[in-house]
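Below is one structure, written out as structure tokens, with a few remarks after it.
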Amino acid sequence: MATTTVSVRCPVCGTDVRVALAPEPPTQWFPCPHCRSPIPVVVPRDLPPLYSWEVLPGLYPPMPRPRVPRWRVRRVVAVALLAIAVVGAGLAAVLVYDGYDASRPASFLVSGTVAEAEGAEGTPIVGAQVVLTNDAGGTTTEFTAPDGSFSFTGVPAGGVTLNITATGYDPITISTFVSVVWGTQATGLTVLMYAGSGTNSSLVSLAPFPDMEQFLASLGSGAILLGIIALVAGVAAVASFREDRPALGVVGGAGGLLAPLVLFYLSLSSAFPLLEGISAVLAAAGSFVVALRAVQMAQTGNAPDFD
């Protein structure tokens, strides 16, 4: 049987392609010479000239010319991936700057009031010993005033631990954190102590970071992971602009979905709620890309690689 030659039009870029069909299989794929998109062509089942329009007019009318869709999935996916890359890189830069800003020398005020927790609740405890331990390991001791208040000035940035003891009360330890970038409550603390023999101590932690070293480590880890996410999404965006590769879109979109998890796992979401909200935009864009590309892969299946 002679080789059948047909002319088709690429549905992606609209280029006219003339291909030679083999007898088998029924459906054959040919790469577009312009955009490299795979074009499916079905081998005619009827022998010539039965499928010719000239022999049976009206039975095989000419098909309308395929039009290139105005709304192209590939470009929309590429734009979404590019947005993930830009926003992810911006969040990484913010974390790097926050780490630099937090490591600069600074001093803070730590103050509060010590009172009874039961019985005459709220009654100030006079003469309670308050020992402050700063991030460098230095200690400072003060005793509460007649109104139960205490105050420490010139406290360096980082983790702060307050050990409070008083005769007839169980001791209590409070851990907090102060810095230029972020800090928990350090002024106006209200410490309630329970009457006891002094053997049952309690610990109250106000910050997820015990010291400056762990805080900077979390910022650095978050910046690196967000940078990797931005890099993967950027590569996928460039590849999507050049060629239709759904698998790369799934990988890049999955990176956007991981951005909020990165901030949450490193305890940065509680410290920077604004960054967590921005990372939600990355997750939305990532889920859009993953869903769109997954549906596309499910509908088209695996096309042969013509490279």
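No value in this document is a laboratory result; all are computed from the given coordinates. Please read all numbers here as calculations on a predicted model, not as lab measurements. So basically every Cβ, Gly included, is an ideal-geometry build from the backbone, and we count neighbours across all protein chains shown.
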Task: Over the stretch 106-209, relative contact order from alpha-carbon pairs under 8 Å, at least 6 apart, % - done: 31
- [ ] Multiply the residue separation of residue 243 and residue 131 by 0.36 nm, subtract the distance between their alpha-carbon atoms, and state the gained length in nm to one decimal.
- [x] 33.8 nm
Open item on the list: Could you give the length gained by full extension between residue 28 and residue 231, i.e. 0.36 nm per residue of separation minus their alpha carbon distance, to one decimal place?
Closed with: 69.4 nm
- [ ] Give a residue-ordered list of calculated ³J(HN,Hα) values for the stretch 218-225 (Karplus: 6.51 cos²θ - 1.76 cosθ + 1.60, θ = phi - 60°; whole Hz; x for Gly, Pro).
- [x] 5, 5, x, 5, x, 5, 5, 5
TODO: With label points built 7 Å along Cα→Cβ from the Cα atoms of residue 73 and residue 261, find their separation and express it in nm.
DONE: 2.5
Open item on the list: In the chain, once you exclude exposed chymotrypsin sites (Phe, Trp or Tyr not before Pro) (DSSP loop, at most 14 other Cβ within 10 angstrom), what's the longest stretch remaining?
Closed with: 72-193
TODO: Give me 74, 9, 293, 104 ranked fewest to most by other Cβ atoms within 10 Å of their Cβ, as a rough exposure proxy.
DONE: 104, 9, 74, 293
Task: Signed unit charges on C-beta, dipole axis of the chain, positive-most listed residue 206, 85, 268 - done: 85
Task: Tilt relative to the chain, helix 273-300 - C-alpha long axis, 0 to 90 degrees, to 10 - done: 20
Task: In nm, spacing of pseudo-spin labels at residue 21 and residue 5 (7 Å Cα→C-beta vector) - done: 1.5
Open item on the list: Give me 35, 10 sorted ascending by neighbouring Cβ count inside 10 Å, so fewest comes first.
Closed with: 35, 10
- [ ] Find how much the distance from residue 35 to residue 93 grows on full extension, using 0.36 nm per residue of separation minus their present alpha carbon separation; answer in nm with one decimal.
- [x] 17.3 nm
Task: residue 190-residue 106 FRET efficiency (beta carbon distance; Förster radius 25 Å; 0.05 resolution) - done: 0.50
Task: Label-point separation, residue 270 to residue 153 (7 Å along Cα→Cβ), nm - done: 3.2
